[in-house]
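Undergrad: Here you go, one structure.
The values are calculated or read from the model by the stated rules, or taken from the named source; none is laboratory data. Model, not experiment: these values are computed from the prediction. As a convention, Cβ positions derive from the backbone with ideal geometry for all residues, glycine included, and neighbour counts pool all protein chains shown. For the accessible areas, the whole protein counts, side chains as well, though only heavy atoms, and no ligand, DNA or RNA atoms are used. Shrake-Rupley method; radii C 1.70, N 1.55, O 1.52, S 1.80 Å.
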Amino acid sequence: MKLYHRISVVISLLCLGAWVYAHLGYRSPGAHDGQGPDPLGILLYLAAWVVGGLLLHSTLVSTWLATGKHNAERVREGSRGLWVQAAAWAVLAFCVWPWLSL
(Lines give C-alpha, C1' and ligand atoms only; values in the text may rest on other atoms or scores of the structure.)
Protein backbone atom coordinates (compact mmCIF):
# COMPACT_ATOMS: atom_id res chain seq x y z
CA MET A 1 0.00 0.00 0.00
CA LYS A 2 2.96 2.29 0.60
CA LEU A 3 4.00 2.18 -3.06
CA TYR A 4 0.39 2.73 -4.15
CA HIS A 5 0.20 5.80 -1.91
CA ARG A 6 3.40 7.26 -3.32
CA ILE A 7 2.33 6.67 -6.91
CA SER A 8 -1.09 8.20 -6.21
CA VAL A 9 0.43 11.34 -4.68
CA VAL A 10 2.95 11.75 -7.50
CA ILE A 11 0.31 11.34 -10.23
CA SER A 12 -2.08 13.78 -8.56
CA LEU A 13 0.67 16.38 -8.07
CA LEU A 14 1.89 16.03 -11.66
CA CYS A 15 -1.66 16.47 -12.96
CA LEU A 16 -2.16 19.48 -10.69
CA GLY A 17 1.09 21.01 -11.91
CA ALA A 18 0.14 20.51 -15.56
CA TRP A 19 -3.31 21.98 -14.95
CA VAL A 20 -1.94 25.00 -13.09
CA TYR A 21 0.59 25.59 -15.89
CA ALA A 22 -2.18 25.48 -18.50
CA HIS A 23 -4.47 27.64 -16.34
CA LEU A 24 -1.88 30.35 -15.75
CA GLY A 25 -0.92 30.45 -19.43
CA TYR A 26 -4.54 30.64 -20.63
CA ARG A 27 -5.90 33.96 -21.85
CA SER A 28 -9.59 34.06 -22.56
CA PRO A 29 -10.66 35.69 -25.82
CA GLY A 30 -12.90 38.74 -25.62
CA ALA A 31 -16.11 38.08 -23.76
CA HIS A 32 -19.41 38.66 -25.49
CA ASP A 33 -17.91 38.63 -28.97
CA GLY A 34 -20.74 36.46 -30.29
CA GLN A 35 -18.60 33.42 -31.06
CA GLY A 36 -19.84 31.19 -28.26
CA PRO A 37 -17.84 29.57 -25.47
CA ASP A 38 -14.12 29.08 -25.81
CA PRO A 39 -13.26 25.35 -26.21
CA LEU A 40 -9.99 25.62 -24.29
CA GLY A 41 -11.74 27.32 -21.38
CA ILE A 42 -14.30 24.52 -21.28
CA LEU A 43 -11.51 21.92 -21.28
CA LEU A 44 -9.76 23.71 -18.41
CA TYR A 45 -13.01 23.78 -16.45
CA LEU A 46 -13.65 20.06 -17.03
CA ALA A 47 -10.02 19.18 -16.28
CA ALA A 48 -10.36 20.96 -12.92
CA TRP A 49 -12.93 18.32 -11.95
CA VAL A 50 -10.57 15.52 -13.00
CA VAL A 51 -7.68 17.03 -11.03
CA GLY A 52 -9.98 17.47 -8.04
CA GLY A 53 -10.98 13.81 -8.26
CA LEU A 54 -7.35 12.69 -8.37
CA LEU A 55 -6.53 14.90 -5.38
CA LEU A 56 -9.52 13.53 -3.49
CA HIS A 57 -8.42 9.96 -4.18
CA SER A 58 -4.86 10.50 -2.97
CA THR A 59 -6.15 12.44 0.05
CA LEU A 60 -8.35 9.51 1.00
CA VAL A 61 -5.42 7.11 0.63
CA SER A 62 -3.27 9.39 2.83
CA THR A 63 -6.06 9.57 5.40
CA TRP A 64 -6.39 5.79 5.41
CA LEU A 65 -2.65 5.43 6.01
CA ALA A 66 -2.54 8.14 8.68
CA THR A 67 -5.47 6.86 10.71
CA GLY A 68 -5.08 3.11 10.24
CA LYS A 69 -3.56 0.73 12.72
CA HIS A 70 -0.34 0.20 10.81
CA ASN A 71 3.27 0.47 11.82
CA ALA A 72 4.63 3.91 12.69
CA GLU A 73 6.40 4.38 9.37
CA ARG A 74 3.16 4.14 7.39
CA VAL A 75 1.36 6.47 9.77
CA ARG A 76 4.16 9.05 9.38
CA GLU A 77 4.05 8.72 5.61
CA GLY A 78 0.26 9.17 5.64
CA SER A 79 0.60 12.25 7.84
CA ARG A 80 3.17 13.78 5.51
CA GLY A 81 0.93 12.94 2.60
CA LEU A 82 -1.93 14.80 4.24
CA TRP A 83 0.19 17.94 4.55
CA VAL A 84 1.20 17.68 0.90
CA GLN A 85 -2.43 17.18 -0.07
CA ALA A 86 -3.51 20.19 2.00
CA ALA A 87 -1.03 22.35 0.09
CA ALA A 88 -2.24 20.91 -3.23
CA TRP A 89 -5.87 21.61 -2.33
CA ALA A 90 -4.92 25.19 -1.43
CA VAL A 91 -3.28 25.67 -4.85
CA LEU A 92 -6.32 24.26 -6.64
CA ALA A 93 -8.70 26.39 -4.58
CA PHE A 94 -6.64 29.52 -5.28
CA CYS A 95 -6.79 28.88 -9.04
CA VAL A 96 -10.48 27.96 -9.13
CA TRP A 97 -11.67 30.71 -6.77
CA PRO A 98 -12.25 33.33 -9.50
CA TRP A 99 -14.61 30.90 -11.26
CA LEU A 100 -16.63 30.45 -8.08
CA SER A 101 -17.01 34.15 -7.34
CA LEU A 102 -18.72 35.06 -10.62
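Undergrad: Answer yes or no: is there a residue in segment 22-39 that is closer than 16 Å to CYS95 by Cα, out of contact with any Pro (no Cβ under 7 Å at 6 or more places or on another chain), surrounded by 14 or more Cβ atoms within 10 Å (Cβ to Cβ) and of a type outside the set (D, E, K, R). Working first, answer last.
TA: If we filter segment 22-39 for residues that are closer than 16 Å to CYS95 by Cα, which is where we start, we get 22-28.
Retained after the next criterion (residues that are out of contact with any Pro (no Cβ under 7 Å at 6 or more places or on another chain)): 22-28.
After this cut, where a residue has to be surrounded by 14 or more Cβ atoms within 10 Å (Cβ to Cβ) as well, the list is 23.
Checking which are of a type outside the set (D, E, K, R) leaves us with 23.
Yes - at least one qualifying residue is present in segment 22-39.
Undergrad: Could I ask something else about it? Can you tell me which residue among ALA48, ALA93 is free of Cβ contacts under 8 Å to residues at least 24 places away in the same chain and either acidic (Asp, Glu) or part of a helix (DSSP H, G or I) (or both)?
TA: Answer to the selection: ALA93.
Undergrad: OK, next. Pick out the one residue from TRP64, TRP83 that is open to solvent by 40 Å² or more (accessible area, probe 1.4 Å), in a helix (DSSP H, G or I), at pLDDT below 90 and closer than 26 Å to ALA22 by Cβ. Walk me through it before giving the result.
TA: Numbers: TRP64 fails: closer than 26 Å to ALA22 by Cβ.
Just a single option satisfies the conditions, and that option is TRP83.
Undergrad: Of all residues in segment 25-43 being in a helix (DSSP H, G or I) and either modelled with pLDDT of 90 or more or not aliphatic (A, V, I, L, M) (or both), which is farthest from VAL75 (Cα to Cα)? If you could, list the steps in order and put the result at the bottom.
TA: Step one: of segment 25-43, the residues in a helix (DSSP H, G or I) are 25, 39-43.
Still in the running and either modelled with pLDDT of 90 or more or not aliphatic (A, V, I, L, M) (or both): 25, 39, 41, 43.
Working: GLY25: 38, PRO39: 43, GLY41: 40, LEU43: 37 Å.
Only one residue fits best here, namely PRO39.
Undergrad: Another question, if that's okay. Counting only residues that are open to solvent by 70 Å² or more (accessible area, probe 1.4 Å) and free of Cβ contacts under 8 Å to residues at least 40 places away in the same chain, which one in segment 7-21 is nearest to TRP64 (Cα to Cα)?
TA: To start, the set of residues in segment 7-21 that are open to solvent by 70 Å² or more (accessible area, probe 1.4 Å) comprises 7, 10-11, 14, 21.
If we keep only those that are free of Cβ contacts under 8 Å to residues at least 40 places away in the same chain as well, we get 7, 10, 14, 21.
Values: ILE7: 15, VAL10: 17, LEU14: 22, TYR21: 30 Å.
This residue is ILE7.
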